[in-house]
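**Q** Quick one: structure below, then a few questions.
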Amino acid sequence: MDLSRFRIDRSVLANGVRLLIVENDRLPLAHLSALVLAGADCNPLQQPGLAALTGRMLDEGTTSMSAREIAAKVEDFGGILTTFSDRQMAGVTATFVRDHVDHGIDLLAETVRRPVFPAQRLEKEKEKTLTQLEAVRDDPYVVMSNLLIGAIYQGTPLQYPVTGTMESVSAITARDTLAFHRSHYGPSNTLLVVAGDVKAERVKRWAEGHFGDWREPERQKNGFGPLKRQMEPLTIRQSLQKRQVYLSLGHLGICRNNPDFPALQVLDVALGSGPGFASRVPRRLRDELGLAYSATCDITATSGIHPGIFSASLSTSPQKLDQSRRELLRILDSVRREGINAEELSMAQDFLTGSFVFDFQSNADLARFLVSVELFGLGTDYPERYPQEIYGVTLEDVRRVARQYLDTLHYTTVIVGPVEGG
């Protein structure tokens, strides 16, 4: 995973836009992204889903182009352009052939900086969102996850699904999305990423021409205080007419830049996110005792700018729920007290290094890597360091982080299925 064959360039425009460029001439294509730190974490507490709708509407018309004209330009230049929004950012990504990268940057600037959110098209986007929300309304896994997230992030915008709720989405107006854009989209929280068959100096000139005169919004990003772990246990039950019962227990986790991330990744694989029979939680609950149909456990998967969630989840029959829950807690307590064994450590290390995700097979892979480097301070030598970091984790490291980050007393339990509500 040697990055030395790529030229990586980082610069900051005078107005604060961060520009990340990697030159890769293997194919005459370039991947472009304009990413704004204005995700679900910026939603007003009473308007979940506003950031997501705003992000999804960026290409639905601007001050100088209609949605149809944007689509026609993308097609004329042989490109692909999509919008997105998640928990911590939103924006536009695109792929264009080498000769039209300047037009691609122009379209990114147009859609990110100057959307107008036509009311009629917003209503259509709301209908799509409401259909999606309705489709998962009785999905026990989604219900369980939403209840757990809601309890752990209670009192912050993160307590709601990224797409919002049926009630909140129905109430959002074009005026709301326009106001959100005006107050949360600006140069100082924008990353412009270009990866592919380009020359860095030329991209810098294009970026300056299209983004250099952008000014900060009138209001800055909404903020909320540091997230804190709960100090007492909580149990939530939701009745759904299903044959299986779904259980999840969890609490606040870690940010991605936590220095213990490698040791916690090893713990995750050994405990609940590894392959086949290797991980202790599914092996014991599913394969050895036959208590659960499925079982997982991890703390690193949801980590990001904000702390993610530690969660241990399973599905089982109603008759085996109590026994499954007791055994799950017994496993977690055992790992906190004793750690894992040498065989589990070696298996986890081999699995993590063998399935390392930054394989750089595409320009999009390179772009995602640059974003991670920028947001989490990984360093461009991270692919070379990663195996060393993982193989440097010791049994004592795993035991220490299990004790430090897993709490088997103060956590939230969510039970969904054929149970009494409460």
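The values are calculated or read from the model by the stated rules, or taken from the named source; none is laboratory data. Computed from a predicted structure; not experimentally measured. As a convention, Cβ positions derive from the backbone with ideal geometry for all residues, glycine included, and neighbour counts pool all protein chains shown. Protein only, heavy atoms only, side chains kept; ligands, DNA and RNA dropped before computing areas. Shrake-Rupley method; radii C 1.70, N 1.55, O 1.52, S 1.80 Å.
**Q** ASP381 fails exactly one of the following numbered conditions: (1) over 23 Å from the mean Cα position of the chain (by Cα); (2) open to solvent by 30 Å² or more (accessible area, probe 1.4 Å). What is the number of that condition?
**A** With respect to (1) over 23 Å from the mean Cα position of the chain (by Cα); (2) open to solvent by 30 Å² or more (accessible area, probe 1.4 Å), ASP381 is out only on (1).
**Q** Kindly establish whether GLN154 is of a type outside the set (Phe, Trp, Tyr), assigned to a helix (DSSP H, G or I), at pLDDT 95 or above and more than 14 Å from ALA40 (Cβ to Cβ).
**A** Answer is no for this residue.
**Q** Of the residues ALA30, ALA52, ALA34, ALA40, which is buried (at least 19 other Cβ atoms within 10 Å of the Cβ), touching a strand residue (DSSP E or B) at 6+ places or on another chain (Cβ under 7 Å) and farther than 24 Å from GLY212 by Cβ?
**A** ALA52
**Q** Note down all Cβ pairs under 6 Å where the first residue falls in region 122-139 and is open to solvent by less than 30 Å² (accessible area, probe 1.4 Å), the second is assigned to a helix (DSSP H, G or I), and they're at least six residues apart or on different chains.
**A** These pairs meet every condition: LEU122/ALA174; GLU125/ARG56; LYS126/VAL169; THR129/VAL169; LEU133/MET166.
**Q** Separate question: Within region 175-273, considering only strands (runs of 3 or more DSSP E) that don't extend past its boundaries, which have at least 3 residues that are of a type in the set (A, V, I, L, M)?
**A** Correct list: 190-196, 245-252.
**Q** Right, another one. Does LEU247 meet the test of being in contact (Cβ under 8 Å) with a residue 24 or more places away in the chain, among the hydrophobic types (A, V, I, L, M, F, W, C) and under 21 Å from SER355 (Cβ atoms)?
**A** It is false that LEU247 is in contact (Cβ under 8 Å) with a residue 24 or more places away in the chain, among the hydrophobic types (A, V, I, L, M, F, W, C) and under 21 Å from SER355 (Cβ atoms).
**Q** Being at pLDDT 95 or above and within 15 Å of ALA263 (Cα to Cα): is that true of ALA342 here?
**A** So ALA342 passes the test.
**Q** In contact with a helix residue (DSSP H, G or I) (Cβ under 8 Å, 6 or more places away or on another chain) and farther than 17 Å from ALA52 by Cα - does that describe any residue in region 174-184?
**A** no
**Q** Also: Can you pull out the residues in region 360-370 that are open to solvent by 20 Å² or more (accessible area, probe 1.4 Å), in contact (Cβ under 8 Å) with a residue 60 or more places away in the chain and within 19 Å of the chain's Cα centre (by Cα)?
**A** Correct list: ALA364 only.
**Q** Considering (1) farther than 28 Å from ASP213 by Cα; (2) open to solvent by less than 10 Å² (accessible area, probe 1.4 Å); (3) among the polar types (S, T, N, Q), say which one ASN146 fails and leave the rest.
**A** Among (1) farther than 28 Å from ASP213 by Cα; (2) open to solvent by less than 10 Å² (accessible area, probe 1.4 Å); (3) among the polar types (S, T, N, Q), the lone unmet condition for ASN146 is (2).
**Q** Could you tell me whether region 104-118 includes any residue that is part of a loop (DSSP other than H, G, I, E, B), within 16 Å of VAL36 (Cα to Cα), touching a strand residue (DSSP E or B) at 6+ places or on another chain (Cβ under 8 Å) and open to solvent by 20 Å² or more (accessible area, probe 1.4 Å)?
**A** yes
**Q** Step by step: first the residues of region 257-304, then only those that are open to solvent by less than 30 Å² (accessible area, probe 1.4 Å) and of a type in the set (Asp, Glu), then the one that is farthest from ASP333 (Cα to Cα). Which residue is that?
**A** For region 257-304, the residue satisfying everything is ASP260.
**Q** Of THR394, THR353, which residue is surrounded by fewer than 19 Cβ atoms within 10 Å (Cβ to Cβ) and touching a Pro at 6+ places or on another chain (Cβ under 6 Å)?
**A** After applying the criteria, what remains is THR353.
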